[in-house]
Amino acid sequence: MPASLPTLPPLFSAEESAARWSQTLLRVTIKGQDVSSRFKPIIISLKVGLKSGGDTDIADLELDDTDGQIIFPDQGDDIEIDLGTVHTGMDTAFRGKLDEPRSTGSRGDGRKMILHAKGMDAKSKVKEQQEAHWDDKELGEVLEEAGKLAGLEKVIIDPDLAKLKRKYWAMQGESFIAFGQRVAREVGGTFKVVGNQALIVKRNGGTSATGQPLPTITAKWGDNLINWDISPRLGRSRYKKVKARYFDKQKGKWEEREVEIEDEGAEAAHSVRYSKANKDEAEAQAKADATEAERNKGGGSILIDGNTEAQPECLCNLVGARDGIDGGYRVDGVDHEVTRSNGFTSNLTLKQPQGDSGTDKRGKSGDDEEESDDSDSPDSDTRSQGSIEY
């Protein structure tokens, strides 16, 4: 049974809920047929989950199936979901295939139909184990050929990552999904299968698979920001540098490659668990792990008014939450939801704090003691009137 996305509790008054629902636009297309007019009156909830990589995108459509009124759909049917509001218009939020349509029912809850969809065909050859190898080829060529073995029409890869060349690449009893995920971890990328194509983008790069910049989302208190839960500085996941070792055949000894991480508060070094084949692979893995460590320095989640422009790997600027929290973050995942009580909302999972995120610029006790004694200092006035020192 597929894992379902959790549904948000009611967040607004009855009047606000009615207004948000009336302003919500949605279009559901199954097998090329628009079923929105029939589905909207019986929708209980609609959820779309977009992941940065590793897991495929998913969608859950929960419907009121009183008296078994819905014709049971076929597994594998194409489904497309467009979302928006009367103010922004609609845009595509999800494309995929119905994976496991399911019926539930009970005396107290009545009949429901749950349409669970995935961004890829779970029955296809992308999960089939393969044996293949490539000599002296670039990553773009390798993944294109591996994708054909898996029955995919196209593989889109970041132009810089596509040029990476190795003496030897191998799929050793791996599915295309497992191979793509492993290679992406080794080169600092994010891998995902969407429909009949595979995508690899730079981790923390803020660009699409074609190298184009992704949009920046603004979440502003008093405007589109509903709530937040963020810790901009974590401890356990932070490192000062990453070390990867390899055996230098010419020198006849083990060597290490190190990559520094921009994190003033971190002290520990992270060592790549397995040794690499050569200097280039060791350096690539060290850079990839450093990228991941930078991503995991802090994070949390925010809930905003629905926005289909929000997508994994884009940047989100948080404004007006509070000092020490406001700033830029990398979007790691997006959960769109439509319900009658909340209308259209988007929950963004955030990581990789940018710049001064996590820094409260109002100062702390003991800082600039001489200036704090100056009653004419603007900073002193601000701290005494609006901040609690510690």
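Quick notes on this structure:
The rows are residues; the columns are (1) out of contact with any Phe, Trp or Tyr (no Cβ under 7 Å at 6 or more places or on another chain); (2) more than 27 Å from residue 321 (Cβ to Cβ); (3) part of a strand (DSSP E or B).
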residue: 172; (1), (2), (3): yes, yes, yes
residue: 178; (1), (2), (3): yes, yes, no
residue: 193; (1), (2), (3): yes, yes, yes
residue: 200; (1), (2), (3): no, yes, yes
residue: 210; (1), (2), (3): yes, yes, no
residue: 219; (1), (2), (3): yes, no, yes
residue: 235; (1), (2), (3): yes, no, no
residue: 242; (1), (2), (3): yes, yes, yes
residue: 251; (1), (2), (3): yes, yes, no
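- Residue ID - farthest from the chain's Cα centre (by Cα), chosen from residues in region 207-265 that are acidic (Asp, Glu) and more than 24 Å from residue 290 (Cα to Cα): 223
- Test for residue 135: is it of a type outside the set (A, V, I, L, M, F, W, C) and not in a helix (DSSP H, G or I): yes
- Sole residue being surrounded by fewer than 21 Cβ atoms within 10 Å (Cβ to Cβ) and under 23 Å from residue 55 (Cα atoms), chosen from 361, 287: 287
- The residues of region 257-275 that are farther than 20 Å from residue 236 by Cβ and part of a loop (DSSP other than H, G, I, E, B), listed by number, are 274, 275.
- Any hit, region 344-364, residues being among the aromatic types (Phe, Trp, Tyr), farther than 30 Å from residue 83 by Cα and either at pLDDT 90 or above or under 25 Å from the mean Cα position of the chain (by Cα) (or both): no
- Hits in region 101-133 - residues which are loosely packed, with under 13 Cβ neighbours inside 10 Å, modelled with pLDDT under 90 and either under 30 Å from residue 52 (Cβ atoms) or of a type in the set (A, V, I, L, M, F, W, C) (or both): 123
- Residues in region 1-36 that are farther than 16 Å from residue 82 by Cα, of a type in the set (A, V, I, L, M) and at pLDDT 90 or above: 3 in all.
The values are calculated or read from the model by the stated rules, or taken from the named source; none is laboratory data. As the structure is a prediction and not an experimental result, all values here were calculated from the model. Backbone-built Cβ (ideal geometry, glycine too); neighbour counts: all protein chains shown.
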